[in-house]
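The structure appears below as structure tokens.
The values are calculated or read from the model by the stated rules, or taken from the named source; none is laboratory data. Please read all numbers here as calculations on a predicted model, not as lab measurements. Cβ: placed from backbone, ideal geometry, glycine included. Neighbour counts: every protein chain shown. Each accessible area value is taken on the protein alone, full model and side chains, heavy atoms only, with ligands, DNA and RNA left out. Shrake-Rupley method; radii C 1.70, N 1.55, O 1.52, S 1.80 Å.
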Amino acid sequence: SQQGEEDPQALSIQEGENATMNCSYKTSINNLQWYRQNSGRGLVHLILIRSNEREKHSGRLRVTLDTSKKSSSLLITASRAADTASYFCATVLANAGGTSYGKLTFGQGTILTVHP
Amino acid sequence: GAGVSQTPSNKVTEKGKYVELRCDPISGHTALYWYRQSLGQGPEFLIYFQGTGAADDSGLPNDRFFAVRPEGSVSTLKIQRTERGDSAVYLCASSLDPSPGANVLTFGAGSRLTVL
């Protein structure tokens, strides 16, 4: 089952604009991560935000986390055509969901298209 | 190796045949994961290895699916009596620290399986 749900399912913008993607989840988390996937193949880790953090930055990426609303957002500023990809949020449950490791559960993703 | 390597990149087989997919993780990563991704969906967890042992195989859909990691490095995902519904991209990932607060996955490019 999918823990996270991304919104919107697809986003189309012009180069230079900002792109915002949202992720909602159902169960308390240890941390939430964002991954990027080009051309339907391997995923690349972008950023990890812990449940006690509210905002993190990495280059042109800004991630926020609102644990009271069980939601996160990924903002890409000054987008480029090369940012065209699918973006996935993934969660590690609080207390590791009863396991001993950080099991990642992925959402269905947002397809971002940046037009030059 | 420098990254996670998966072979074959593409596999086309007939319904009922046996398939093996191979994953070579990053050297030194004791944690290895298999995920399956259907078209338009996020990755779905299959199995997690810590060293040579399958620590969590709760995502394997049925007993036609089996995975091994005999020497704690290379892993093979084995699918018996393939069905058309098994068609998907099979993603392998590894991580250095699988603890809940630090588990960041490095993915391979995937093996695209098509069952005719």
Worksheet, complete the sentence: Distance in Å, no decimals, from the C-alpha centre of region A:1-77 to the one of region B:52-74 is 29 Å
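Roughly how many percent of the accessible protein surface of region B:1-110 is carbon and sulfur, given a 1.4 Å probe and a whole-percent answer? Please list the in-between numbers first.
On the way: 2410 of 4920 Å².
Carbon-and-sulfur percentage of accessible area, whole number: 49.
Under 1.5 on a/c is rounded, so check that first for region B:74-116, then, if it is not, pick prolate when a/b is larger than b/c and oblate when it is not; a ≥ b ≥ c are the square roots of the alpha carbon gyration tensor eigenvalues.
It is prolate, given that a/c is not under 1.5 and a/b is the larger ratio.
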Worksheet entry | Rounded FRET efficiency, nearest 0.05, which uses the C-beta distance separating B:SER9 from A:THR20 and R0 of 30 Å | 0.35
Discussion item. With a 1.4 Å probe and all protein chains left in place, how much of the accessible area of chain A comes from carbon and sulfur atoms, in whole percent?
Written reply: 46 percent
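Starting from the Kirkwood Rh over alpha-carbon pairs, what translational D in µm² s⁻¹ does region A:54-103 have by Stokes-Einstein at 37 °C and 0.692 mPa s?
Numbers: Rh = 13.1 Å.
Result for D is 251 µm²/s.
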Worksheet item: Considering only the other residues whose Cβ falls under 14 Å of the Cβ of B:THR114, what net charge follows from Lys and Arg at +1 and Asp and Glu at -1?
Response: +3
Practice prompt. Grab the alpha carbons of region A:13-81, take their convex hull, and tell me the volume per residue in Å³.
Written response: 102 Å³
Response to the item:
By the C-alpha gyration tensor axes a ≥ b ≥ c (rounded if a/c is under 1.5, else prolate when a/b exceeds b/c, else oblate), the shape of chain A is prolate
Item to complete: Find the accessible area per residue for the protein assembly as shown; the probe is 1.4 Å, ligands and nucleic acids are left out, and the unit is Å².
Response: 45 Å²
Worksheet item: Looking at A:SER71, A:PRO8, A:THR91, which one has the Cα that reaches farthest to the positive end of the dipole of region A:6-116 (charges on Cβ: Lys, Arg +1; Asp, Glu -1)?
Response: A:THR91
Practice prompt. Report the charge-dipole magnitude of chain B in Debye, nearest 20, computed about the Cα centre from +1 at each Lys and Arg Cβ and -1 at each Asp and Glu Cβ.
Written response: 420 debye
Fill in: Alpha-carbon spread of the protein assembly as shown, three principal axes, descending order, Å
48, 39, 32
Practice prompt. List every residue whose amide H lies under 5 Å from the amide H of A:THR113, counting only residues 5 or more places away in sequence or on a different chain, with H placed 1.01 Å from N in the peptide plane.
Written response: A:LEU11, A:SER12, A:ILE13
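Using the Cα atoms of chain B to build a convex hull, what is its mean projected area in square nanometres? The partial results should precede the final answer.
On the way: hull surface 27.1 nm².
Answer in nm², one decimal: 6.8.
Using mean Cβ contacts within 10 Å as the protection proxy, how do B:92-100, A:69-77 order, highest first? Before the final figure, lay out each step's value.
Numbers: B:92-100: 21.1, A:69-77: 18.2.
Ranked from most to least packed, the peptides come out as B:92-100, A:69-77.
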Worksheet, complete the sentence: Buried accessible surface, B vs A, both sides, probe 1.4 Å, in Å² to 100, equals 1900 Å²
